[in-house]
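*Asks:* I'd like to ask some things about the structure below.
The values are calculated or read from the model by the stated rules, or taken from the named source; none is laboratory data. Note that the coordinates shown come from a computational prediction; the quantities given were computed from them, not determined experimentally. No Cβ is skipped: glycine too gets one built from the backbone with ideal geometry, and neighbour counts run over all protein chains shown. In case anyone asks, the SASA skips ligands and DNA or RNA and just uses the protein heavy atoms, side chains included. Shrake-Rupley method; radii C 1.70, N 1.55, O 1.52, S 1.80 Å.
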Amino acid sequence: MDLRSERVCTRNVTKSLGSSMDEHSILGKFLRIFREKRENGSSMASHEDALLFNFSTEKYNHIFEQCIASQRAYCERNGIEYQNITIPDNSIIGREIAWIKVPLILGALTAGYRYVAFVDSDIMISENSEDFRTVFLDGSGTIALSSGHSGRLNSGVIFVKNSDDSINSL
């Protein structure tokens, strides 16, 4: 069974945010983008039911350029919308940036995406990686996280299927 979409439709979007942005303005900006997509219906076609995104600073985008390119290529192969969200190196957010992923995932789900994936910018996706949506084919869950080297859950890779359960859990 070929799990890849026959019709590739991605948006390789890099969002650059001003240096004075704080966590709330970044969150607000992207929640508005997701809301606009929902209102316009521009990303809700069946071949674009999924979003994969990451975010990092300009410096890390440069350091992990190959990883980000692998993520973009993965999305192109699988008909998944891709967004690389970039914040300035001198952002005041600091380590709190890690917590923005949860409201952004929720925003994408409420905008109507059936599947949302967040991956850290340092994640390299190999060419033979399966479409992340296949994780949910057996119907046994709505949120999937990877295990880290420590054996504990790693929040650097999160897959979510849109459902009341997943929204309530986040």
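*Asks:* Rolling a 1.4 angstrom probe over the protein chains, ignoring ligands and nucleic acids, what is the accessible area of Ser140 in square angstrom, nearest 10?
*Replies:* My reading of the accessible area for Ser140 is about 100 Å².
*Asks:* To check you understand DSSP bridge types, tell me what percent of the beta bridges within segment 55-159 (both residues inside) are antiparallel, rounded to 5.
*Replies:* Here the antiparallel bridges make up roughly 70 percent for segment 55-159.
*Asks:* Okay, next question. Distances over 17 Å make up what percent of all Cα-Cα pairs in segment 128-170?
*Replies:* Values: 350 of 903 pairs.
When every Cα pair of segment 128-170 is considered, 39 percent fall beyond 17 Å.
*Asks:* Next question, about the same structure. Check which residues have an amide H placed less than 5 Å from Thr57's amide H, if you skip close sequence neighbours.
*Replies:* Here the answer is Ile87, since their amide H atoms fall under 5 Å of that of Thr57.
*Asks:* Return one quarter of the surface area of the convex hull spanned by the alpha-carbon atoms of segment 98-170, equal to its mean projected area, in nm².
*Replies:* Values: hull surface 22.3 nm².
The number I arrive at for segment 98-170 is 5.6 nm².
*Asks:* Continuing with the same structure: With only Lys, Arg, Asp and Glu charged, each at its Cβ (+1 for the first two, -1 for the last two), find how big the charge dipole of segment 76-148 is about the Cα centre; round to the nearest 20 debye.
*Replies:* About 260 debye.
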